[in-house]
Amino acid sequence: AQSVTQPDIHITVSEGASLELRCNYSYGATPYLFWYVQSPGQGLQLLLKYFSGDTLVQGIKGFEAEFKRSQSSFNLRKPSVHWSDAAEYFCAVGYYNNNDMRFGAGTRLTVKP
Amino acid sequence: NAGVMQNPRHLVRRRGQEARLRCSPMKGHSHVYWYRQLPEEGLKFMVYLQKENIIDESGMPKERFSAEFPKEGPSILRIQQVVRGDSAAYFCASSPGSTNTGELFFGEGSRLTVL
């Protein structure tokens, strides 16, 4: 069965520190991979996506993610976190139909001053 | 350039009442998706609709829940005889096409509280 796992429910980092949010998936074929961010009381905004090609993808707000097929992972990274990055982050996996998109349970990011 | 519009943003119902949640997709989008988000959980797919058609309702509970996307007007998610377990945030998303575009554009959600 297809699934998406975000092992970390809550992460706290200091402002200016680097960040890595983990995402693992279980899928029968090469998936489409996404990271979304949700600020409190808001909807989800797409940070970046991977369909094919270069396994390191760049997104908005200075985020990047790397697809590693051998590890079934698509971890999100940012070299230097800003206080405004505090939010909930969702990894999502899709196949060729959007209605098959599955979301992880989310990782809540807290940024310390 | 309005995004996906959902209303109401907050809805309070007593057990047994009906809840209606509305979603207007982005301009030019003809595909609508509804997701439910429970506390401490991710988004769960409920239903995927195109104008006047339900394409995939595999995530919809079999009873009390229904969805429509009429030719004119917003998509509506209807929950009859609500129970406390229906309390959640319901998100609508839209896309211009059903395949290979990848990105879903989300509304800000409708938060249902059942007393």
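The values are calculated or read from the model by the stated rules, or taken from the named source; none is laboratory data. Because the structure is predicted, anything quoted here is derived from the model rather than measured. When we count neighbours, we look across all protein chains shown, and the Cβ atoms used for this are built from the backbone with ideal geometry, even at glycine.
In table form, for the structure just shown:
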item: Qualifying residue in segment A:76-87 (condition: aromatic (Phe, Trp, Tyr) and in a strand (DSSP E or B)); result: no
item: Segment A:1-42, residues that are under 19 Å from A:GLY62 (Cβ atoms) and of a type in the set (A, V, I, L, M); result: A:ILE11, A:VAL13, A:ALA17, A:LEU19, A:LEU21, A:LEU33, A:VAL37
item: Wholly within segment B:4-43, strands (runs of 3 or more DSSP E) carrying at least 3 residues that are within 20 Å of B:GLY97 (Cβ to Cβ); result: B:31-37
item: Selected residue (criterion: nearest to the other protein chains (Cβ to nearest Cβ)) from residues of segment B:53-67 that are of a type outside the set (Val, Ile, Thr) and touching a Phe, Trp or Tyr at 6+ places or on another chain (Cβ under 7 Å); result: B:ASP56
item: Residue match in segment B:48-64 (condition: in a strand (DSSP E or B) and in contact with a Cys (Cβ under 8 Å, 6 or more places away or on another chain)); result: no
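The rows are residues; the columns are (1) surrounded by 15 or more Cβ atoms within 10 Å (Cβ to Cβ); (2) away from chain B (no Cβ under 14 Å).
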position	(1), (2)
A:VAL57	yes, no
A:GLU64	yes, yes
A:LYS68	no, yes
A:SER72	yes, yes
A:ASN75	yes, yes
A:SER80	no, yes
A:GLU88	yes, no
A:ARG102	yes, no
A:GLY106	yes, no
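Here's the yes/no breakdown for (1) part of a loop (DSSP other than H, G, I, E, B); (2) within 14 Å of chain B (Cβ to nearest Cβ); (3) in contact with a Ser or Thr (Cβ under 9 Å, 6 or more places away or on another chain); (4) modelled with pLDDT of 95 or more:
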site	(1), (2), (3), (4)
A:VAL13	no, no, yes, yes
A:TYR25	no, yes, yes, no
A:GLY28	yes, no, no, no
A:PHE34	no, yes, no, no
A:LEU46	no, yes, no, no
A:SER52	yes, yes, yes, no
